[in-house]
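The structure appears below as structure tokens.
Values quoted throughout were computed directly from the atomic coordinates according to the rules given, and no laboratory measurement underlies them. Model, not experiment: these values are computed from the prediction. Ideal geometry is used to build each Cβ from the backbone, glycine not excepted, and the neighbour counts take in all protein chains shown.
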Amino acid sequence: MTQPVLSVRNLEVEFVTRRGLLRAIDKVSFDIAPGEVLGVVGESGAGKSLTGTAIIGLIDPPGRIAGGEVWLKGRRIDNLPKEELRKVRGKRIGMIFQDPLTSLNPLFRISEQLIETIRTHSDMNEAQARARAVGLLTEVGIPAPEKRIDSYPHEFSGGMRQRVVIALALAAEPELIIADEPTTALDVSVQAQIITLIKKLCRERGTAVMLVTHDMGVIAETADRVAVMYAGRIVEIGPVRDVVKHAKHPYAKGLMGAIPTLATAETRLLQIPGSMPRLNAIPAGCAFNPRCAEAFERCRTDRPEYIPVENSQVACWLYDKRQTKREVAA
Amino acid sequence: MIPPLAQSAALVTVRDLRKTFDVSKPWLERVIDRAPKQFLKAVDGISFDIRKGETFALVGESGSGKSTVARMVVGLLPVSGGEVMVDGVSMSEVANSAARELLRRRIQMIFQDPYASLNPRWRVADIIAEPIRAFKLLDTNKDITDRVGELLTLVGLSPLDRVKFPHQFSGGQRQRVAIARALASNAEFIVCDEPTSALDVSVQAQILNLMRDLQDRLGLTYLFISHNLAVVRHMATSIGVMYLGRLVEVAPAAQLFSAPRHPYTRMLLDAVPDLEMSGRARIPVQGEIPSPINPPTGCTFHPRCPLVNERCRAEAPLPINGVACHAVEEGRDGAMELRKRA
Amino acid sequence: MTMAASDTPRLTLRKRLNDSDLWLSFKASKITVVAAITTVLIVMLALLANVLAPQDAFDPKMLNLMDGFAHPMERGLGSGNLFVLGADAQGRDMLSALLYGTRVSLFVGLSSVILSLSMGVSLGLIAGYVGGRTETIIMRVADVQLSFPAILIALLIFGVARGIIPPNQHESTAVFVIILAIGLSNWAQYARTVRASAMVERNKDYVHAARLIGIKGFAIMARHILPNVTGPVLVIATINLALAVIEEATLSFFGVGLPVTQPSLGTLIRFGQQYLLSGEWWILFFPALTLVILGLAINLLGDWLRDALNPKLR
């Protein structure tokens, strides 16, 4: 059993506001193995982007990490001093954000940005770094890279820019890539190309990927495992096929049923009543219980533990075999 | 007034619709650079019909012009060419402004961004009542309040919500308010511009179900704009696929999804992520949408088309049986199937 | 399926106010609270000038020359009244003069702010919503105006008014002329801000929705856009108030503002300036102090308001 690249244990993120303490992420734990793509999926407010930001240590006040641990290849990174963390961030963790326009500095040529990153994290000289940069651009599929490397970001189209961002993220040969909605701003046809690219490159290099998105389709195409988040917690985590086709947790089931696909035409989409609770109004016990059709007494008082069901972990009392039939039926 | 088309009960008829934007640089810069004026053909000759009670979807990626078409149909954007007729009355005829006033009541729009489509300083009651007051549909305040309550119940909110402000609602609830406003004038034809794109998946499901229910109950006709083919699959009776301002294929929904004909349609369908995880074979998509200011010659799709030939580069295809493609016309589109299996 | 109305409970006005970001930020800043209290105090005192002033300072019958130059907290030699802030050369009670003077200054300041606000917001709305040539014209005029100091423009308008109004009416119309002068010199900043906000709002979908049902431009500007552009206007108005009061004082000090018979902080300062070096410091000091405190307090309030309303700083 190889050591996971990323190991998150009981991560907690809080916001200190004038109105009190808000817990945005509440004891989140997961691992990512080398070469694996873990999808973190959830609706807005679930805390998925925040998890990524917390891992790389870029949470701004009034937010802060209030508990838990983040381990990168066996070394703890959440308690590192700022300078150390900065080095880790550049060299060992790469980031791909949603908007390629703002991820790239519009004032500098692509060559300058790529070469700077490469040289910061290796001891290549200018010429070597440039050659490597051209190699990277070829790998991500930019045509005529020796010429285009000297262009500015605005001279590229959206999809091309995102490819450059991927090249930039891979430039320092990181062990982990955190991609936050990398395809949301792109057209469907380009989205497919980018997804394929990310998968291919990371598999080749053995890089672990944490793919954060609200788009289940992208997850289904790209991820090996997926974690479904709700109100700052993971409610279900397992192989992507299991979670997408046979979700166990009632929220995950509702979510999958709510997504229109090319196959379902005449049926009504599944609807989950209500909406995700605000951070200052998270219910006691299981956060999903007010909206759950199958909730019973225990759901309202005790926060569910992770219960293994087939190949997944599900945070739901329905799967606790020790529940007597009488309790469940109530 | 042009007499309505005899054979079909088309509520909305769009013929050869065009929109050109002047995107030239400011006059002084042009004089200095000696540069010519630049025009952007956002919509380049679109024609379709929508029958009463149906949902016609316009699908396309960015730069396809679908939102521009929506705004022209509804009258928010002046038309550069062509015509939009609703129930036989032309939307652009200046002479017939009384008829157009009546028409205004029957056409409404639902916008994409639930945060920008409701005035943040107005109460929900006033927002929904605005069309009622503007068209003088009811007289007394009590009648108006009752009607607002009815509409709120119709879209799944409580009549007591009418005193609230938009920021007290979630995105999905705001979209419901927007739907209530659209229905306030007893509109029959509603243009929906990406109404669920900004919403979470579970909320999207609620809104789409609501829209379908309302359509069944009230006999509404929808023009549904979207980039999401799966959503369109769920809502549409007929679908038009747009690319760089032109309609490349128009077909009934079931047919478009089971037997797409235009290469772009096929590519688009293949690009949709496979939630069913069926592992279906796909054609790899090539290239990206070119800039609409300098579109390719002939068929605008030719740089990305696997079936391109000389004619495609030179001549823009005309729609035949709903498809605008030389390869389909010449019977060459079987080659796409072969490529898939390769 | 009906959504519960209880999703967000109906909050009473008091609870909403108490809970609002604005109130919490106000309470948190001690300086602002002090500034607010000071302003309110001065305004109250000025409003109640009739009641509070021991003497109607500008009624010659009440004056006793023997009281002249009485020191602060001294009894006048002529009438025996206590002059809390001293008396000027004619035996006028400085406290009374100050109260009346502040009232006039505040009146002029407030009126001119209302004038420039109405003008600036309207022009800004029109420029922002209508666009095109109208916008260009309005904005270029605003630009030109902003490149001149407000005082100079006020002087210009004052001079023109002097030329137009017959001499025997100069005094009676002085207040209105000065309000007009200050008001017209300050509208451009409102116009600029409102135009920028209006340009942003006019592209929003709720404006499109209103146009769809046939609402005309004027109604859209007044009912839809105006409520959404008022935020920064409030801040500008507050700071402008302080500036207007000071502007009035400056103009009166130069002798082109209010006449000596109508007291304001400016005329009082002008008056008292002559006596400063001969030892009767109180005639200048108290009006000047009031002007400084008033200006400072209102300015601080404006500062706090700007920061409190700025969503980026929250």
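Details
- Across the range A:211-330, C-alpha contacts under 8 Å between residues 6 or more apart give a mean separation that, scaled by the residue count, equals a relative contact order of 21 percent.
- Number of Lys-Lys pairs in the range B:23-100 with C-alpha atoms under 22 Å apart and a separation of 8 or more places or on different chains: 4.
- FRET E, pair C:D143, C:L47, Förster distance 41 Å, beta-carbon r, rounded to 0.05: 0.60
- The simple Förster model, with R0 at 41 Å and r as the Cβ-Cβ distance, assigns C:F218 and C:F254 a FRET efficiency of 0.50.
- Chain A, helix-only ellipticity at 222 nm - DSSP H runs n ≥ 4, -39,500 (n - 2.57), divided by all residues, nearest 500: -9500 deg cm²/dmol
- Here C:I31, A:I55, B:I225 are placed in order of increasing Cβ neighbour count within 10 Å, fewest first, which gives C:I31, A:I55, B:I225.
- Once both labels are positioned 7 Å from their Cα atoms along Cα-to-Cβ, the gap between B:T297 and B:R123 label points is 6.4 nm.
- Loop GluC sites (Glu not before Pro), the range A:39-108, which have at most 13 other Cβ atoms in a 10 Å radius of their Cβ (DSSP): none
- Charge tally for C:I182 (other residues, Cβ to Cβ under 15 Å; Lys, Arg +1; Asp, Glu -1): -2.
- Summary value for the range B:180-309: 17 percent relative contact order, contacts being C-alpha pairs under 8 angstrom separated by 6+ residues.
- Residue exposure sequence - B:K25, A:K248 - by fewest surrounding Cβ within 10 Å: B:K25, A:K248
- Among B:E83, B:E310, B:E29, the residue with the largest mean-square fluctuation in a Gaussian network model of chain B, with springs joining Cα atoms closer than 10 Å, is B:E29.
- Trypsin sites (Lys or Arg not before Pro) restricted to DSSP loop in the range B:22-96 with at most 13 other C-beta within 10 Å: B:R34, B:K37
- Arranged from fewest to most other beta-carbon atoms within 10 Å of their beta carbon, A:I118, B:I207, C:I37 become C:I37, A:I118, B:I207.
- Burial ranking of peptide ranges B:260-269, B:289-298, A:58-67 (average Cβ count within 10 Å, highest at the top): B:260-269, B:289-298, A:58-67
- Computed from the Cβ-Cβ distance with R0 of 30 Å, the FRET efficiency linking C:L77 to C:V292 stands at 0.45.
- Highest-MSF residue in chain C out of C:T267, C:T136, C:T238 [GNM, Cα springs under 10 Å]: C:T136
- Hydrodynamic radius (Kirkwood) for the range C:125-282, which is based on Cα pairs only, to one decimal in Å: 18.2 Å
- Were the residues from B:L218 through B:H167 laid out at 0.36 nm apart, the gain over their Cα-Cα distance would be 15.5 nm.
- Projecting the Cα atoms of B:T221, C:I215, C:L294 onto the charge dipole of the protein assembly as shown, computed from C-beta unit charges around the Cα centre, puts B:T221 farthest toward the positive end.
- Separation of the range A:29-62 and the range A:283-316, taken as the distance between their Cα centroids, equals 22 angstrom.
- Cα-only Debye scattering, the range A:109-196: base-10 log of I(q)/I(0) at q = 0.21 Å⁻¹: -1.01
- Summing charges over neighbours of A:I194, with a neighbour being any other residue whose Cβ is under 13 Å away from its Cβ, gives -1 when K and R count +1 and D and E count -1.
- Estimated inter-spin distance, B:L137 and A:S151, nm [label 7 Å along Cα→Cβ]: 5.1 nm
- Cross-link reach list, lysines versus A:K321, counting only Cα pairs under 28 Å and skipping chain neighbours closer than eight places: A:K27, A:K245, A:K248, A:K253
- Evaluated over the Cα positions of the protein assembly as shown, the convex hull gives a direction-averaged projected area, one quarter of its surface, of 53.8 nm².
- Selected from C:G159, C:S197, C:S112, residue furthest toward positive end of dipole (the range C:93-248; charges at beta carbon): C:S197
- Whole-number percent relative contact order across chain B, with pairs defined as alpha carbons under 8 Å at least 6 apart: 19 percent
- Distance in nm between pseudo-label sites at A:A284 and B:R313 (7 Å out along the Cβ direction from Cα): 7.5 nm
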